[in-house]
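Student: Let me begin by handing over the structure; questions about it come next.
The values are calculated or read from the model by the stated rules, or taken from the named source; none is laboratory data. Keep in mind that what you see is a predicted model, and the values were worked out from it rather than measured. Cβ placement follows ideal geometry from the backbone for every residue including glycine, while neighbour counts extend to all protein chains displayed.
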Amino acid sequence: MTVAELLAKFPRERTWLLPALQAVQRAQRYLSPDALETVAAHLRVPKSEVWGVASHYPELRLAPLGRRLVRVCAGVSCRVRGGRELLAACERRLGVRAGQTTPDGAVTLEELDCGFACAVAPVVEIDHAYRGRVTPDALDALLTAPTPSHATASTPPRVALPPAPTAGSPAARFAGLRREAERRRTGARLAVGMGTCGLAVGARQTFEALRVEVQRRGLPFTVVASGCNGMCWAQPVVEVLRDGRPRLTTGPVAAAAVPRLLNALAANPAAAPDVGAEWLPRQRRVLLERCGLANPGDIADAIRHGTYATLVHALEGGPEVVIEEVRAAGLAGRGGAYFPTAVKWAACRAAKGAPKYLVVNGEEGEPGIFKDRHLMEGDPHRLLEAVLLAAYAAGASRAILYVHGEAELSAERLRVAVAQAREWGLLGERILGSDLSLDVELRRGAGGFVLGEETALLESIEGHRAMPRTRPPFPVESGLWGKPTVINNVETLCAVPSIVAEGGAWFASLGRGGGTKLFGLSGHVRCPGLVEVELGTTLRTLTAELGGGSSTGRPLRAAVLGGPSGSVVPARQFDEPLVPRGPVSPGTGGVVALDEGASVADAVRTLLAFNMRESCGKCTPCREGTARLLRVLDGPVERERVSSLAEVIQVASLCGLGQAAPLAVLSALAEFPGEFGLS
Ligand SMILES: Cc1cc2nc3c(=O)[nH]c(=O)nc-3n(C[C@H](O)[C@H](O)[C@H](O)COP(=O)(O)O)c2cc1C
Ligand code: SF4
Ligand code: FES
């Protein structure tokens with residue numbers, strides 16, 4: 001297909017610039033000067049602007065790559081688990097440095113900031129498929145193996161045809177959907193954790209082996225692909241789900257161990273070790289309740305698990321009731337700023353202008369955190385129900401699900417969920433016969449940490465470079481194309497169905513008024529994964545009880561909390577409750593544990609270098625300041641120089657990237673001065 005033919009499906013509007021460039025790149029593997037000119041002509045956007053956008057986003061490539069792309073993660077979670085050594089081994093093996101292509105054009109090698117599968121570190125990505133827990137010994141085989149099929153190819157969505165249309169009230173119509181969902185119940189299931197983390201460590205092979213063996217033995221199980229239940233440390237996980245019996249969580253189950261698992265289940269259903277029996281009940285699982293259990297590719301299963309029932313109830317109560325419950329819950333934004341969600345929704349509802357938009361921020365580009373991906377991959381229908389409730393409350397008629405450009409599995413599962421919800425009458429015009437109509441569109445990012453900043457994200461939807469806007473005006477007054485717009489993080493939204501179902505007061509009774517929070521555990525812990533606990537939980541609980549303690553036998557000395565915008569928390573503060581704006585703030589919830597042998601200075605340098613590279617360059621304090629601070633760290637380090645430079649960056653930067661960039665350096669310098677040659 002020619003570029004012109006490829007572009008024909010895009011309306012000739014600037015908003016399609018990024019999707020058009022992505023489509024061309026998918027087809028041709030890079031964006032040639034000719035292709036850029038054709039895009040410019042088709043969309044009627046000046047050539048200089050098209051070049052400006054194409055050269056801005058890290059995932060857009062202006063030069064051809066080798067036939068195979070190998071990326072080795074050297075983010076903090078991976079480097080403390082051997083990521084740098086893997087990268088060095090790849091360089092030796094291929095005879096090129098990171099960023100180069102082998103002379104025969106066979107392989108391009110790159111260093112990755114984070115593959116967002118930090119709990120199965122160290123991670124190597126080959127032609128967009130992730131491999132986790134990679135050892136140097138396994139590298140040769142990985143590099144010479146045929147190109148792995150794409151992660152999503154192994155999980156073809158089940159076709160969930162809609163039930164016969166019904167009439168009457170939303171409740172009556174939904175009762176029809178529920179009957180249909182019940183009719184499709186399959187009985188006992190073996191659910192394989194096929195999230196990004198599971199797939200990176202062999203879940204696809206486990207799934208196939210189970211399917212074949214169950215069929216061969218004629219066992220009364222259906223084998224389904226679920227998301228990850230958070231136990232990344234035990235992946236590939238198999239959940240044994242039988243009606244009327246407690247769940248049994250086993251793992252890791254390699255493909256070769258499948259016959260043994262089935263033998264054990266046949267002999268004595270309780271014989272297989274239940275590795276989740278202690279770990280799961282230690283949490284307060286609200287948002288994660290269905291992750292790992294529900295089949296994300298089947299709307300009928302989602303409905304059987306209770307999804308969409310809250311929406312039906314809310315449609316009877318009115319939008320104000322939804323806002324009031326969310327207000328009573330004290331729900332505050334989990335994108336990191338902890339802004340009250342109900343305030344945003346009420347302001348959008350009251351704002352003049354139409355249409356109103358809801359943008360779901362599924363960008364999650366902060367190294368060390370992978371919570372939103374787990375939610376999107378594991379329970380996409382929960383997110384869609386939340387989107388419906390939020391749009392209903394805020395008065396939005398159009399929703400955009402904005403998903404990170406490399407989060408293929410999240411995007412694929414959401415795409416399927418949206419299509420199924422549309423078919424089942426749960427999205428689109430006059431949902432379940434009510435006055436609520438919602439049009440949902442999926443957009444993909446193209447890289448860059450700053451893209452997750454809400455106004456930068458709006459810029460990108462409009463077809464511009466991802467550069468934050470000055471505020472005011474705030475998006476609720478003037479957002480997408482100048483219209484009232486609510487932007488919420490995936491985790492924030494996923495709390496909403498439970499809040500509306502159980503009541504705001506119930507959510508506020510958890511976590512000292514703050515509710516629950518997801519944390520991604522990685523680095524030097526024995527059980528890296530995703531957990532949900534009440535806000536106010538301590539790092540001690542997260543690392544020692546849920547994380548299983550140090551993975552190396554050496555005591556933990558610190559944790560990087562909140563990624564490149566966060567800080568380094570010393571072990572002496574591990575008993576502080578994690579409370580937004582408290583002495584130790586949870587940020588977005590990324591926890592990378594560092595043991596006594598880890599270099600705090602190296603971790604901090606990695607984070608600062610990331611912020612420097614990711615600075616969009618719009619304002620000088622961030623653009624120049626982060627680079628200078630990095631040079632200062634190369635030493636000899638002077639405390640006063642660091643603090644005065646840090647202050648300028650924090651105070652004078654336009655957006656949160658610059659404002660928070662020096663935090664990790666400052667906290668590390670205060671607690672670990674010896675690492676910087678200071679006393
Ligand atoms: C540099 C930077 C990156 C950000 N990245 C994300 C992100 O990936 N996902 C997200 O939800 N919020 C991110 N935010 C926060 C958003 O600007 C915004 O506060 C959030 O999406 C609002 O949703 P919430 O109120 O539900 O948290 C980022 C902010 C900054 C400054
Ligand atoms: S603080 Fe940094 S990332 Fe934010 S607008 Fe300024 S230059 Fe861009
Ligand atoms: S996957 Fe390597 S740091 Fe996140």
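Student: With A603, A661 as the choices, which residue is within 14 Å of ligand 1 (Cβ to nearest atom), buried (at least 21 other Cβ atoms within 10 Å of the Cβ), under 30 Å from E59 (Cα atoms) and touching a residue at least 40 places away in the same chain (Cβ under 8 Å)?
Tutor: Answer to the selection: A661.
One line per residue, one yes/no per condition, for (1) under 24 Å from D298 (Cβ atoms); (2) crowded, with 19+ Cβ neighbours inside 10 Å:
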residue	(1), (2)
E406	no, yes
L409	yes, yes
E412	yes, yes
A419	yes, no
G428	yes, no
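Student: Something else: Every residue in region 458-480 that is hydrophobic (A, V, I, L, M, F, W, C) and either more than 21 Å from H404 (Cβ to Cβ) or not assigned by TED's automatic domain parsing to the domain that holds L401 (or both), please.
Tutor: Result: F474, V476.
Student: Hey, another quick one. Which residues, counting only those in region 477-509, are outside any helix (DSSP H, G or I) and surrounded by fewer than 19 Cβ atoms within 10 Å (Cβ to Cβ)?
Tutor: E477, S478, G503, S509
Student: Going through region 198-228 one residue at a time, which ones are within 19 Å of G297 (Cα to Cα) and touching a Pro at 6+ places or on another chain (Cβ under 9 Å)?
Tutor: G198, L199, A203, R204, Q205, T206, F207, A225, S226, G227
Student: Looking only at region 613-632, decide whether some residue is within 15 Å of ligand 1 (Cβ to nearest atom), β-branched (V, I, T) and closer than 16 Å to V665 by Cβ.
Tutor: Among the residues of region 613-632, at least one is within 15 Å of ligand 1 (Cβ to nearest atom), β-branched (V, I, T) and closer than 16 Å to V665 by Cβ, which makes the answer yes.
Student: A follow-up question, please. Of the residues that make up region 114-122, is at least one in contact with a His (Cβ under 7 Å, 6 or more places away or on another chain), of a type in the set (A, V, I, L, M) and within 17 Å of C527 (Cα to Cα)?
Tutor: No, the conditions are met nowhere in region 114-122.
Student: Shifting gears a bit: Based on what the data block shows, is A601 of a type in the set (A, V, I, L, M) and away from ligand 3 (no atom under 16 Å from the Cβ)?
Tutor: yes
Student: For region 358-377, name all the residues that are outside any loop (DSSP other than H, G, I, E, B) and either β-branched (V, I, T) or in contact with a Pro (Cβ under 6 Å, 6 or more places away or on another chain) (or both).
Tutor: V359, V360
Student: A further question on this structure: In the list L542, L546, which residue meets the criterion of being under 20 Å from the mean Cα position of the chain (by Cα) and under 26 Å from G251 (Cβ atoms)?
Tutor: Every option except L542 fails the conditions.
Student: Is it the case, given these coordinates, that S48 is buried (at least 18 other Cβ atoms within 10 Å of the Cβ), modelled with pLDDT of 95 or more and assigned to a helix (DSSP H, G or I)?
Tutor: No; evaluated as a whole, the condition is false for this residue.
Student: Among the numbered criteria (1) under 23 Å from the mean Cα position of the chain (by Cα); (2) within 16 Å of ligand 2 (Cβ to nearest atom), which single criterion is violated by G617?
Tutor: Here G617 meets the rest and fails (1).
Student: Still on this model: Residues A337, A350: which one is free of Cβ contacts under 8 Å to residues at least 40 places away in the same chain, on the phi < 0 side of the Ramachandran plot and of a type in the set (A, V, I, L, M, F, W, C)?
Tutor: Only one candidate passes the filter, namely A350.
Student: Checking the condition without any contact (Cβ under 8 Å) to a residue 60 or more places away in the chain and of a type in the set (V, I, T), which residue from V360, V387, V343 passes?
Tutor: Sole residue among the options that is without any contact (Cβ under 8 Å) to a residue 60 or more places away in the chain and of a type in the set (V, I, T): V343.
So that you can scan it fast, the table gives a plain yes or no per residue for (1) within 16 Å of ligand 1 (Cβ to nearest atom); (2) among the aliphatic types (A, V, I, L, M):
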{"residue": "E59", "(1), (2)": "yes, no"}
{"residue": "L65", "(1), (2)": "no, yes"}
{"residue": "Q100", "(1), (2)": "no, no"}
{"residue": "A119", "(1), (2)": "no, yes"}
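Student: Would you be able to say whether some residue in region 380-394 is within 16 Å of ligand 3 (Cβ to nearest atom) and of a type in the set (V, I, T)?
Tutor: Looking for residues that are within 16 Å of ligand 3 (Cβ to nearest atom) and of a type in the set (V, I, T), one finds none in region 380-394, hence no.
Here's the yes/no breakdown for (1) under 21 Å from L401 (Cβ atoms); (2) touching a strand residue (DSSP E or B) at 6+ places or on another chain (Cβ under 7 Å); (3) among the aliphatic types (A, V, I, L, M); (4) not assigned by TED's automatic domain parsing to the domain that holds V224:
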{"residue": "A314", "(1), (2), (3), (4)": "yes, no, yes, yes"}
{"residue": "Y338", "(1), (2), (3), (4)": "no, yes, no, yes"}
{"residue": "P355", "(1), (2), (3), (4)": "yes, yes, no, yes"}
{"residue": "L358", "(1), (2), (3), (4)": "yes, yes, yes, yes"}
{"residue": "P367", "(1), (2), (3), (4)": "no, no, no, yes"}
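Student: Would you be able to tell me the number of residues in region 573-627 that are part of a loop (DSSP other than H, G, I, E, B) and small (G, A, S)?
Tutor: Here the count works out to 9.
Student: Related question: Output the number of residues of region 628-662 satisfying the condition of being assigned to a helix (DSSP H, G or I) and under 17 Å from D602 (Cβ atoms).
Tutor: So the answer is 6.
Student: Oh, and also: So in region 530-572, with the set limited to residues that are assigned to a helix (DSSP H, G or I) and among the charged types (D, E, K, R), which one is surrounded by the most Cβ atoms within 10 Å (Cβ to Cβ)?
Tutor: Looking at the filtered set, the residue picked out is E545.
Student: Within region 62-78, take every residue that is touching a Leu at 6+ places or on another chain (Cβ under 9 Å) and outside any loop (DSSP other than H, G, I, E, B) and give me the one that is farthest from ligand 3 (Cβ to nearest atom).
Tutor: Checking each candidate, the answer is R68.
Student: Identify, by number, the condition in (1) buried (at least 21 other Cβ atoms within 10 Å of the Cβ); (2) of a type in the set (K, R); (3) more than 8 Å from ligand 1 (Cβ to nearest atom) that R334 doesn't meet.
Tutor: (3)
Student: Let me ask something else. If a residue must be within 13 Å of ligand 2 (Cβ to nearest atom) and either under 21 Å from G674 (Cβ atoms) or of a type in the set (D, E, K, R) (or both), how many such residues does region 623-660 contain?
Tutor: 3
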